[in-house]
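The values are calculated or read from the model by the stated rules, or taken from the named source; none is laboratory data. Source: prediction; values computed, not measured. Cβ: placed from backbone, ideal geometry, glycine included. Neighbour counts: every protein chain shown. Remember, those area values only see protein heavy atoms, side chains included, never the ligands or the DNA or RNA. Shrake-Rupley method; radii C 1.70, N 1.55, O 1.52, S 1.80 Å.
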Amino acid sequence: MSNTKNTEEIKKVENVIEIKNVTKKYKMYKSKKARLLEAVFPFYNNHNTFSAINNLNLEIHKGEVLGILGKNGAGKSTLLKMITGVVSPTNGELKINGKISSLLELGAAFNPELTGEENIYQHGQVMGLTNEQIEETKQNIIDFADIGEHLKQPVKTYSSGMFARLAFACAINVDPDILIVDEVLSVGDMAFQLKCFKKFQQFKEKGKTILYVTHNIADVLDNCNRAIILNSGEKIYDGDVKQGVDKYKKLITGMLDKENEKKDIEEDTEGKWKKDFNINPNMITYGTGEIKIVDYGIFNEKDEPIPVLTSNELVNIKIKSEFFADVECPTFSITIKDFLGKEICGTNTNFLKIYTGKCKKGEKYLYEFKQKLMLAPGKYTLSLSCSKFDFNGELIPINRNYDALIFEVISDKNIVGYYDIDTKVNFTKLSE
């Protein structure tokens, strides 16, 4: 009994945020008159209800860096506002164990009539800091914002960039237990962005809990150790970052219906090339089904399959496809990613300005991508895809195969990063 109780107590301490059956609803009025009538006459019901968050359950542990993904209107900002206390949930329970610093609405606590320096004090007081604590962090904020003499001017005279720099500096130069970041790590110029990311990394290294909302999936892959996906106010995924990013890609392309995926795209069992390679059993395939990639592989100059290739070797990536409908100028693409899911390189026929023509139902085509893959030693995945543009210029996935093939690169030299720049070095002794 005692051991079980101790385990439960430890778990409660580790859960810095607990969200239980939380729902947030907003009243939607047809007009200002309807809103006024209901305000004057409380029993006059003249509104519709919109559920921004619907029966959400979520536990966030100490030290986690949680990436929150979802389309616009999915409920991400509403969730963050409830966690920060900006809005209250309609139903459910929300517990916070720790001090929060939010990069959600930068400068929300600023008074436009006050100077930048005066707003540093006001922001600190809103955060619950004493004057002594504000004095300790003041110079760090000033140095981080780096807005010079403008610090002595009212913030209403600031440019949007200066305002964001000071607001970011105020929010980041505290010592919170929980940091909330919503699409604001790219404020200011490149030098300031670098400072922002370095500060962000420092919070990670200190074991702070971070909630990170962004549409840049590369940032999620680089920074997060857990991901959730919100869709229409509901949590539809919670788990591994790479798998979450792959599912999010399907969500934003409108191809998340698993029943349609199984119906439209079936695993090809007759592909001869694929049998020589390590095919990913967890690959994600989806699309309209008008075209099907039936076989693929990586080959050397002798047309031999090479599941393990040498860096800087000329290789040929082959894609064999079959058409089940007439398609005008399909776009075929290849993408190479590391094992964290980060895209390393890739291209497609559209980028290369290759006109693939009018392809008819029943036809089969072979597409070949020849290049030197000057990659660092390691394991990678190859994604293959065919798409088309509709009449509105939107790219429609026909058959996408994410992380279809796993291959390895070997090399006889060490390099920095992912890409071998193939440098040739000369040196000459100069006379004194």
Completion exercise
Taking Cα atoms, the helix 241-252 axis meets the longest principal axis of the chain at an angle in degrees (rounded to 10) of 90 degrees
Practice task
Among the chymotrypsin sites (Phe, Trp or Tyr not before Pro) in segment 326-432, which ones are in a DSSP loop with at most 11 other Cβ atoms within 10 Å of the Cβ? Mind listing them?
Solution key: F351, Y355, F391, F427
Completion exercise
With all protein chains in place and a 1.4 Å probe, E290 shows an accessible area in Å² (nearest 10) of 40 Å²
Practice task
Determine how many Å³ per residue the convex hull of the Cα atoms of segment 303-432 encloses.
Solution key: 165 Å³
Problem - Debye log10 I(q)/I(0) for the chain, one point scatterer per Cα, at q = 0.06, 0.08, 0.12 Å⁻¹ - result: -0.37, -0.65, -1.14
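Just from its helices, what would the mean residue ellipticity at 222 nm be for the chain, if runs of 4 or more DSSP H residues each count -39500 (n - 2.57) and the sum is divided by every residue, rounded to the nearest 500 deg cm²/dmol? Could you put the intermediate results ahead of the total?
Details: 10 runs with 112 residues, N = 432.
Result for the chain: -8000 deg cm²/dmol, rounded to the nearest 500.
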Problem - Nearest-ten-degree value, helix 116-126 long axis tilted from longest Cα axis of the chain - result: 80 degrees
Exercise for the section: Keeping all protein chains in position, work out how much accessible area R35 exposes to a 1.4 Å probe, and write it in Å² to the nearest 10. Expected result: 130 Å²
Exercise for the section: Assign one of three labels to segment 363-409, namely rounded, prolate or oblate, based on the Cα gyration tensor with a ≥ b ≥ c the square roots of its eigenvalues; rounded applies when a/c is under 1.5, prolate when it is not and a/b is larger than b/c, and oblate otherwise. Expected result: prolate
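Report, in listed order, any pair from K156/K242; K152/K204; K318/K361; K27/K198; K198/K242; K302/K379 with a Cα-Cα distance greater than 31 Å.
Details: K156/K242 43 Å; K152/K204 33 Å; K318/K361 21 Å; K27/K198 41 Å; K198/K242 23 Å; K302/K379 23 Å.
Flagged as over cut-off: K156/K242; K152/K204; K27/K198.
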Practice task
Return the FRET efficiency for the residue pair K361, N312: r is the Cβ-Cβ distance, R0 is 41 Å, and the value is rounded to the nearest 0.05.
Solution key: 0.50
Problem - Spin-label proximity, D390 to segment 315-334 - amide N less than 17 Å from point 7 Å beyond Cα toward beta carbon - result: 326-331
Practice task
Could you please state, rounded to a whole Å, how far the C-alpha centre of segment 276-338 is from the C-alpha centre of segment 9-58?
Solution key: 48 Å
Problem - Nitroxide proxy distance, nm - points 7 Å out along Cα→Cβ at E328 and Q201 - result: 4.9 nm
Exercise for the section: Could you check the simple spin-label distance between D240 and K353, using points 7 Å along Cα→Cβ, in nm with one decimal? Expected result: 4.1 nm
Fill in the blank from the handout: In Å², rounded to a whole number, the accessible area per residue of the chain with probe 1.4 Å is 56 Å²
Problem - Distance between modelled label sites at D303 and E136, nm, 7 Å Cα→Cβ extension - result: 7.3 nm
